[in-house]
Amino acid sequence: MNTERFYISTPIYYPSDRLHIGHAYTTVVADSLARWHKFAGRKVLFVTGSDEHGQKIERIAKAKGVQPQEYVDAIVSTFKQLWKRLNVEYDDFVRTTEPRHHKAVQTVFQKIYEKGDIYKSTYKGWYCTPCETFWVETKLQDGNCPDCGRPVELVEEESYFFKISKYADRLLKHIEENPDFIRPESRRNEMVSFVKSGLEDLCVSRTTFDWGIPVPIDERHVIYVWFDALTNYLTAAGYPDDHARLAEWWPADVHLVGKEIMRFHTIIWPIILMALDLPLPKTVFGHGWLLFDNDKMSKSKGNVVDPNLLIDEFGVDPIRYFLMREVSFGQDGNFSRRALIERTNADLANDLGNLLNRSLAMLNKYFNGVVPEPKDATDLDREFVQSVGGLGAELDSLLKDLHLNEALAKIWQLIGRANKYIDQRAPWALAKDEASQGELATVMYNLVETLRIVALLVTPFLPETGAKIWAQLGISESLTEQTLADTEFGRLKPATVTKKGDPIFPRIELKVDEPEGEEAQPAAEAKKTAVSQAPAAPAAEAQSEDGLITIDDFFKCELVVAEVLEAEPVKGADRLLKLQIDVGDGRRQIVAGIAKHYKPEELVGRRIIVVKNLKPAKLRGELSQGMLLAASTPDGKLELVSVSANMPAGSRVK
Ligand code: MSP
């Protein structure tokens, strides 16, 4: 029996509004990792929750004319409903208004105060209420919050201060000696420079509002909301009274957080723990943001995507899959409806759905749906079996190290390999030859066995999909009782009676009245009828050879006509031009290496072709949101691909 422990947390979310797809991103990733570790036989504590105190919440409740508690209760219940819909199975949900948390926070404060690391003084400075963050004047940007860009307020009040500067050297040493403490590496470097630039003692209490946990030694003050919130990770581990639970679960293995709150988790939080003489979490992983149209999602910009509407339209697993596969873990990623549909069609409907469909269809045809005993095997069969077995252990080591995208890519490589195996072994040809019946049995066994292993491997990420495949395979053992050891090749029992069902991922067709080049709409604004579901294309018995792409692959690339509105050189880069272009539904900037071939004035008014859905990049500090197409000869002659002025900007090239 594996006695390893794994404690993973998400941030606890502010109930200042309903959650959007960005919040769902962190939670779905944490849920999948937690499910994986459970599957691998570890004892897991997966914690999420709600950060309910603070000035922001108090003001919102007041504006709505309700008591803060009444206000947060209603919103927090929508959090829990969303997690349920997304199949997020947390082990604990910490609400900061719960008595157990209240006690933990007051104990932490009291202990640090008794140690002499908290003292009373007066705070005069700036405060960003949306971020609940104190700022010194020199850090402001154009007088606004450097994190969110919103206005800050000048506050002057008596406060308790935490001597965090005292711990700076110890923290730097810890970061240096524990390379896994802050990940990914780029964020570690950022945090180290932040600490080295000098830490100010932190204001840890407020007196100008009441909605918080009182300072135990001075009830006129409420504890600063971040001090309160960070402590939730200890609350869930049983702090301060449940010593056995604490010994079992602390320190946490992974705090998964968005990059904007790394500072709190890698500077303030470890210093609180140092002051308490408690060990530090093993890893704080700062993931990137999910952008919408390459812009941060925010209510004020009106571009938040409501996960509930997406679930209504697409189901849960396409969304879970998209979030984990499309976004490179640690970096920013873009959400778009089109990308979601294309991912679903390519990876889920085509690759996985068709593998299941065509395998079980052939099993029905050649063996009445009953798994045969494997018989004659060729080298290719043996090589295929080898590539399937052992993947479970490989994924476990990738996931222990938080290599989420690589792990999913490996599963899809296996699915691709299995589809290719069908083409290589052509069961339809074996079936025609009496002498090949033994080989046919082996090939069909290998395929169904691979599907069984794929079902096990995808379940932590896509629980509904795993269950659907499992049901079609007709295996009598319960899926929930399966473990990593069951991913060993050969455990499928011959004579299992499969139950082929409908395609598990019907292809999603873009409706004819939906402009093909249209950028994704926030789901809240998207037409409910924008997509329709059509049955999966019949499984082709022979698929494309290696190296060839499908039409779906091609359509991942959104090529459109763009009109050049302005063009100018990029300072300090003699090969680059900066173009402002109209792509039909708005203007954007691209940077192109064409300065040696075109003068800026030659470009204005031209209609060129651009890749519209390319990940934005910065070139010499200039944002480039797309790439233009040009042909070039080996000797360096370059000519832009363009169309006549009759083609309106935004027209799709296909
Ligand atoms: N209450 C604090 C966290 C306290 S933890 C001790 C807070 N709450 S929040 O509601 O604003 O949630 C922030 C978290 O939501 C981010 O750190 C991130 O995990 C997630 N995200 C919110 N928007 C996001 C995106 N657009 N993209 C990815 N994650 C995002 O900060």
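If you check ALA562, ALA524, which single one turns out to be small (Gly, Ala, Ser), at pLDDT below 85, farther than 30 Å from MET444 by Cα and under 32 Å from the mean Cα position of the chain (by Cα)?
On the way: ALA562 fails: at pLDDT below 85.
Just one listed residue meets the conditions, ALA524.
Got a number for residues in segment 1-48 being among the acidic types (Asp, Glu) and either within 13 Å of LEU86 (Cβ to Cβ) or in contact with a His (Cβ under 6 Å, 6 or more places away or on another chain) (or both)? Give the derivation first.
As a first pass, look at segment 1-48 and keep what is among the acidic types (Asp, Glu): 4, 17, 31.
Retained after the next criterion (residues that are either within 13 Å of LEU86 (Cβ to Cβ) or in contact with a His (Cβ under 6 Å, 6 or more places away or on another chain) (or both)): 31.
Within segment 1-48, residues that are among the acidic types (Asp, Glu) and either within 13 Å of LEU86 (Cβ to Cβ) or in contact with a His (Cβ under 6 Å, 6 or more places away or on another chain) (or both) number 1.
Do you know which of the residues in segment 233-262 that are within 12 Å of the ligand (Cβ to nearest atom) and touching a Pro at 6+ places or on another chain (Cβ under 9 Å) is nearest to ARG100 (Cα to Cα)? Working first, answer last.
Let us first name the residues in segment 233-262 that are within 12 Å of the ligand (Cβ to nearest atom), namely 233-236, 252, 255-262.
If we keep only those that are touching a Pro at 6+ places or on another chain (Cβ under 9 Å) as well, we get 233-234, 252, 255-258, 261.
Values: TYR233: 12, LEU234: 10, ALA252: 18, HIS255: 21, LEU256: 23, VAL257: 23, GLY258: 26, ILE261: 24 Å.
Top of the filtered list is LEU234.
Checking GLY584 against (1) touching a Ser or Thr at 6+ places or on another chain (Cβ under 8 Å); (2) of a type in the set (Gly, Ala, Ser); (3) surrounded by fewer than 15 Cβ atoms within 10 Å (Cβ to Cβ), which single condition isn't satisfied?
All conditions pass for GLY584, except number (3).
Quick check on this structure: which one of PRO463, PRO506, PRO494 is touching a Pro at 6+ places or on another chain (Cβ under 8 Å) and modelled with pLDDT of 95 or more?
Working: PRO463 fails: touching a Pro at 6+ places or on another chain (Cβ under 8 Å); PRO506 fails: modelled with pLDDT of 95 or more.
Just a single option satisfies the conditions, and that option is PRO494.
Being modelled with pLDDT of 85 or more and on the phi > 0 side of the Ramachandran plot is the filter here; which residues of segment 610-631 pass it?
Matches in segment 610-631: GLY626 only.
Which of the residues belonging to segment 265-301 are in a loop (DSSP other than H, G, I, E, B) and more than 10 Å from the ligand (Cβ to nearest atom)?
Selection gives LEU276, ASP277, LEU278, PRO279, LEU280, PRO281, LYS282, ASP293, ASN294.
Just to be sure I understand the filter: pairs with C-beta atoms under 8 Å, separated by 6 or more residues or on different chains, first member in segment 365-381 and closer than 23 Å to ILE475 by Cβ, second member polar (S, T, N, Q) and outside any helix (DSSP H, G or I). Which pairs pass?
These pairs meet every condition: GLY369/THR498; VAL370/THR496; VAL370/THR498; VAL371/THR496; VAL371/THR498.
Return only the number of the condition from (1) out of contact with any strand residue (DSSP E or B) (no Cβ under 7 Å at 6 or more places or on another chain); (2) crowded, with 19+ Cβ neighbours inside 10 Å that ASP312 does not satisfy.
(2) is the only condition that ASP312 fails.
Need the failing condition index for LEU82 against (1) within 13 Å of the ligand (Cβ to nearest atom); (2) surrounded by fewer than 24 Cβ atoms within 10 Å (Cβ to Cβ); (3) at positive phi, just the number.
Only one criterion is unmet by LEU82, namely (3).
Are there helices (runs of 4 or more DSSP H) fully within segment 386-473 with at least 2 residues that are of a type in the set (Gly, Ala, Ser) and under 29 Å from the mean Cα position of the chain (by Cα)? List them. Spell out the reasoning first.
Numbers: elements: 391-400, 404-425, 427-431, 437-458, 463-473.
So the answer is 391-400, 404-425, 463-473.
Can you pull out the residues in segment 138-158 that are in a strand (DSSP E or B) and crowded, with 16+ Cβ neighbours inside 10 Å? Quick ask: steps written out before the conclusion?
Of the residues in segment 138-158, the ones in a strand (DSSP E or B) are 141, 144, 151, 153-158.
The answer is VAL155, and nothing else.
If I filter segment 44-71 down to residues being without any contact (Cβ under 8 Å) to a residue 60 or more places away in the chain and either of a type in the set (Asp, Glu) or out of contact with any helix residue (DSSP H, G or I) (no Cβ under 7 Å at 6 or more places or on another chain) (or both), which single residue comes out as farthest from the ligand (Cβ to nearest atom)?
Per the stated criteria, the residue is GLY65.
Matching residues to (1) at pLDDT 90 or above; (2) surrounded by 20 or more Cβ atoms within 10 Å (Cβ to Cβ); (3) more than 27 Å from ARG100 (Cβ to Cβ):
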position: CYS128; (1), (2), (3): yes, yes, yes
position: VAL136; (1), (2), (3): no, no, yes
position: LYS163; (1), (2), (3): yes, no, yes
position: LEU172; (1), (2), (3): yes, no, yes
position: GLU177; (1), (2), (3): yes, no, yes
position: LEU202; (1), (2), (3): yes, yes, no
position: ILE213; (1), (2), (3): yes, yes, no
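Look through ASP147, ASP142 and report the one residue that is within 16 Å of the ligand (Cβ to nearest atom) and acidic (Asp, Glu). Give the steps one after another, and end with the answer.
Working: ASP142 fails: within 16 Å of the ligand (Cβ to nearest atom).
Residue meeting the stated conditions: ASP147.
Looking at (1) within 15 Å of the ligand (Cβ to nearest atom); (2) of a type in the set (Gly, Ala, Ser); (3) under 30 Å from PRO460 (Cβ atoms), which is the only condition SER16 fails?
(3)
Within the group ALA631, ALA592, ALA617, which residue is surrounded by fewer than 19 Cβ atoms within 10 Å (Cβ to Cβ), under 27 Å from GLY333 (Cβ atoms) and without any contact (Cβ under 8 Å) to a residue 40 or more places away in the chain? Steps first, please.
On the way: ALA631 fails: under 27 Å from GLY333 (Cβ atoms); ALA592 fails: surrounded by fewer than 19 Cβ atoms within 10 Å (Cβ to Cβ).
It is ALA617.
With segment 555-644 as the region, which strands (runs of 3 or more DSSP E) entirely inside it contain at least 2 residues that are not aliphatic (A, V, I, L, M)? Before the answer, list the steps.
Numbers: elements: 559-570, 573-582, 587-592, 607-611, 617-619, 622-624, 630-632, 638-640.
By residue number, 559-570, 573-582, 587-592, 622-624.
Conditions first: (1) surrounded by 19 or more Cβ atoms within 10 Å (Cβ to Cβ); (2) more than 12 Å from the ligand (Cβ to nearest atom). VAL304 passes all but one, so which condition is the exception?
(2)
Among the acidic types (Asp, Glu) and within 16 Å of the ligand (Cβ to nearest atom): does that describe GLU4?
Details: among the acidic types (Asp, Glu): yes; within 16 Å of the ligand (Cβ to nearest atom): no.
No; evaluated as a whole, the condition is false for this residue.
The values are calculated or read from the model by the stated rules, or taken from the named source; none is laboratory data. All of these numbers come straight from a predicted model, not from anything done at the bench. Cβ coordinates were reconstructed from backbone atoms using ideal geometry, including for glycine residues, and neighbour counts include every protein chain displayed.
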